[in-house]
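I have placed the structure first, in the form of C-alpha cells, so that the comments after it can refer back to it.
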Number of protein chains: 2
Amino acid sequence: MPAKSQTWTFTNRPAILSTGVVGGPFEKKGQMADDFDRFFEDLWIGEDSYEKAQRKLIEEAVGIALKKRNLKETDIQFFLAGDLINQITPTSFAARTNAIPYLGLFSACATSMESLALAAFIVNHGGAEKVLAGASSHNATTEKQFRYPTEYGGQKPPTAQWTVTGAGFAVVGTEENGPAPRITSATIGKVLDLGISDPFNMGGAMAPAAVDTIEQHLRETGRDPSYYDLIVTGDLAKIGRSIALDLFKQRNLDIRSEQFQDCGLMVYDKSQPVQAGASGAGCSAIVLYGHLLNEMKKGRYQKILLVATGALLSPLSYQQGETIPCIAHACAIEYL
Amino acid sequence: MPAKSQTWTFTNRPAILSTGVVGGPFEKKGQMADDFDRFFEDLWIGEDSYEKAQRKLIEEAVGIALKKRNLKETDIQFFLAGDLINQITPTSFAARTNAIPYLGLFSACATSMESLALAAFIVNHGGAEKVLAGASSHNATTEKQFRYPTEYGGQKPPTAQWTVTGAGFAVVGTEENGPAPRITSATIGKVLDLGISDPFNMGGAMAPAAVDTIEQHLRETGRDPSYYDLIVTGDLAKIGRSIALDLFKQRNLDIRSEQFQDCGLMVYDKSQPVQAGASGAGCSAIVLYGHLLNEMKKGRYQKILLVATGALLSPLSYQQGETIPCIAHACAIEYL
C-alpha cells in the first residue's frame, strides 16, 4: 500500500460474520422483501415519536445480527454507526441500550461504508475481535428534518428520492475460517461539490463523488473494473446513476452498464411511487447486508465493490445558499 | 491487550507532529490566551453566518497546523473530525475546502478524543503516514441550535456552561524520532445515562461517563492513577468535576483533587461570566493542543490522560422527554 493512498488493504481476512436487516411496511412491498430478516407493520413501531421508532429499527437489526450467531452485546467490542438525524440521536440512544463502546460516525448516506471500512480496519489490525457496523434511516424522521413532515403531503419533483425505513447491521470479525463475505479493501472518499444546490436532486449531486472514489479505488489497487462482478453505488438512483455512467465514459473507465448497479434502484418495486429511487443511510446498508450478501452466498457474485454515497448538507446549509458537498466511501467485499 | 478490551495500546509511537489552535474574542480574554496560535476579533470572521464562521475556525486551525511543519493538504491522508452542529456541516464544508479524504465523526464534545484515538490507531497500524484530527465549536452556532440565539439574551442557571468558540487540530504521524507528545493508548467509552434530563446541567450528566471510562482505562492498562501526572476531563466544569471526585471515592479510585483537572475550568478567567465553566467540542481540543502540550514541552507534565466528555442529546430528544445519554473517550498522551 503506497503511503499516500486513500485505500486500505486488509490481509487478515476480516469477515462479515452475521447480519441483521429490518424494514418498514413500504419496504415489505419492494423487490427485496425476501432479503429482510424482519418487517415492522407501521412506521411508529410502538413508540410515540418517529425518532424513537428509528432507534427501535437499529436495536432490532443489532439484536438479530447477534442472535444469528449466539452472541451477546458483551461479546462485541465496538459499535460503529450513525444516521442522518441531528446529533445522530437514534444511533446514540441505541448505543445506550446495547452499552457497547461506541464510535459515532457521520457521512450522511455514506455512513454505512464509513462504518464498515473502519470496522474492517480495526478488526484487521487486532483492535477488536468482533465489532458491529451499520447504518439506518427512517422515512418520516428524514423527510420531517430535511424537507417537510410527511403528513403535510408535499409534492416532489421526479428527481427526488424516497428515504428507506430500515436498518442494516453486521458483525465483523476474523474468526471465520470457512468461505465468507470478507472486506478485502476500503477506499475513503474526499468531499466533492460541483455546485448543485437542489436538495431534491441528491443523486445528481453525489454522482461525481462516487465516480471519484471508484476511480481512486481502481487506481490504488491497480485493478481493472472487470475485477468486480458488480460495482454498486449507494443511492444515486436514476438521475445520479445515469450521470455516473456518463462520467465513467469521460474518464475512460470501462464500467459496463450491466456491471454497475445502484442500491437506490434495487429496494422498491417499479409500481411504488418513489420518483427517482430510494435513498437514506439505511439504503445501502440493507441492500448490502440483505440482498447482496444473499446473492454472494448463492454464488451469483463473488466480488462486489460497494460505494456508499453521502450528501453532506443540512437544511440550514441549504437555506444559507450553500451547494451540496458530497462524499463516497467504498468497501470491496469478496466471498472467499 | 485482552481481546475484550475497550482500550487500544499503540506501540509504534504515533506522535502529535504539529497543532493549530484558534479562538474568538472571548477566549482571548481567558486564562489560556498565550496558548492560542490565533484569535479572531469577532464571532463572524468575515462570513455572513455563524456556521460559516465556524468552518473558518476549522480551516484556520488546519492551515496553521500544516504550515508549522511545512505540509500541504496533499501530504495528509485522512481528515478525522466533527462538531456539534446538525449534520456536522462546519466540518464537512471545511473538508470540502481541504479535499483530504474525510471520516466524519460525532461524539458531541467527546469528538476531540474520538478523532485522536482513531487517528492514532490508523497511524499506528500503517493505515496512513499523516492524518489530521480535531474538533471545533462556536458559541453562537451552538447556543442557537441547542438553547436560544444569543441575541435573545436568555438567562442561564449557574449549572450552565459557556460554549467555546475555537478549533484545535493536530497532525498525527509516526515520523518524529525525537521527544514528542505521543498517543500511547486510547479507551473508547460506552454510553451511560443516569437519568439527568436538564440540558443546562451537562457537566452533571456527563460525570458518570467520564468516571467509567477512566476506571476502564486504568483497569485495562493495569495502571494506578498515579501513573498520570494529570487526568483531565473535557468539559465537566464545576458541577460535573465535583460529582466525578465523589464518584472516584465511591469506586475507590485514588485520584487526588490536584491531579484531576477539567478543560472546562481552564479556558476562561474567573472574572468571565461563564457560570459553571466552558464546554463545546472545541473545548478539550484547544486545551490539549494548546495549553497542555505547551506545558508538556516545558517539562511540567510528562503523562496526561485526556478524557473528553460528550452529551449525546439533541434539542428534539430533550423535547421528546428523553434523558441525556453521555459518553467519554480517553487518550493517554506521553512526552517521550
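Select from segment A:67-94 the residues that are in a helix (DSSP H, G or I), over 19 Å from the mean Cα position of the chain (by Cα) and not basic (Lys, Arg) and list them in ascending order.
A:GLU73, A:THR74, A:ASP75, A:PHE93
Please specify each residue of segment A:1-50 satisfying the condition of being of a type in the set (A, V, I, L, M), surrounded by fewer than 20 Cβ atoms within 10 Å (Cβ to Cβ), more than 14 Å from every other protein chain (Cβ to nearest Cβ) and in a loop (DSSP other than H, G, I, E, B).
Within segment A:1-50, A:LEU43 is the sole residue that qualifies.
Could you please find all residues in segment B:186-208 being touching a Cys at 6+ places or on another chain (Cβ under 9 Å) and either surrounded by fewer than 24 Cβ atoms within 10 Å (Cβ to Cβ) or not assigned by TED's automatic domain parsing to the domain that holds B:ILE243 (or both)?
Correct list: B:LEU192, B:ASP193, B:LEU194, B:ILE196, B:PRO208.
Out of the helices (runs of 4 or more DSSP H) lying entirely within segment B:227-323, which hold 1 or more residues that are in contact with an Asp or Glu (Cβ under 6 Å, 6 or more places away or on another chain) and surrounded by fewer than 22 Cβ atoms within 10 Å (Cβ to Cβ)?
Passing ranges, in order: B:293-297.
In segment B:170-220, what residues are polar (S, T, N, Q), outside any loop (DSSP other than H, G, I, E, B) and away from chain A (no Cβ under 13 Å)?
Residue satisfying the conditions is B:THR184 alone.
Of all the residues that make up segment B:60-73, how many are closer than 12 Å to B:THR97 by Cα and either of a type in the set (Gly, Ala, Ser) or within 13 Å of another protein chain (Cβ to nearest Cβ) (or both)?
Matching residues across segment B:60-73 total 2.
What residue, of B:LYS303, B:LYS238, is in contact with a strand residue (DSSP E or B) (Cβ under 9 Å, 6 or more places away or on another chain), more than 14 Å from chain A (Cβ to nearest Cβ), touching a residue at least 60 places away in the same chain (Cβ under 8 Å) and farther than 20 Å from B:LYS28 by Cβ?
Going through B:LYS303, B:LYS238 in turn, the sole match is B:LYS303.
I'd like to verify a number: residues in segment B:113-150 that are under 30 Å from A:VAL123 (Cβ atoms), assigned to a helix (DSSP H, G or I) and not hydrophobic (A, V, I, L, M, F, W, C), how many?
Adding up the residues that qualify gives 3.
For segment B:94-126, how many residues are without any contact (Cβ under 8 Å) to a residue 40 or more places away in the chain and either buried (at least 24 other Cβ atoms within 10 Å of the Cβ) or within 7 Å of chain A (Cβ to nearest Cβ) (or both)?
So the answer is 13.
Which one of B:ASP48, B:ASP35 is under 18 Å from the mean Cα position of the chain (by Cα), modelled with pLDDT of 95 or more and not assigned by TED's automatic domain parsing to the domain that holds B:LEU265?
After applying the criteria, what remains is B:ASP35.
Please verify whether B:GLN77 is polar (S, T, N, Q) and closer than 16 Å to B:TRP162 by Cβ, treating the condition exactly as stated.
Details: polar (S, T, N, Q): yes; closer than 16 Å to B:TRP162 by Cβ: no.
No: the conditions fail for B:GLN77.
Go through segment A:127-164 and count every residue that is hydroxyl-bearing (Ser, Thr, Tyr) and away from every other protein chain (no Cβ under 14 Å).
6
Residues being among the acidic types (Asp, Glu) and in contact with a helix residue (DSSP H, G or I) (Cβ under 6 Å, 6 or more places away or on another chain): count how many of those fall in segment B:49-76.
Within segment B:49-76, residues that are among the acidic types (Asp, Glu) and in contact with a helix residue (DSSP H, G or I) (Cβ under 6 Å, 6 or more places away or on another chain) number 3.
Within the bounds of segment B:253-276, is there any residue that is of a type in the set (Ser, Thr, Tyr), away from every other protein chain (no Cβ under 14 Å), touching a strand residue (DSSP E or B) at 6+ places or on another chain (Cβ under 9 Å) and within 30 Å of A:ASP83 (Cβ to Cβ)?
No.
State all residues of segment B:311-336 that are within 14 Å of chain A (Cβ to nearest Cβ), more than 14 Å from B:PHE146 (Cα to Cα) and small (Gly, Ala, Ser); if no residue qualifies, say none.
Answer for segment B:311-336, where residues must be within 14 Å of chain A (Cβ to nearest Cβ), more than 14 Å from B:PHE146 (Cα to Cα) and small (Gly, Ala, Ser): B:GLY321, B:ALA328, B:ALA330.
The values are calculated or read from the model by the stated rules, or taken from the named source; none is laboratory data. The shown structure was predicted, so the numbers you read here are calculated from the model rather than taken from an experiment. Cβ atoms come from the backbone with ideal geometry, glycine included; neighbour counts cover every protein chain shown.
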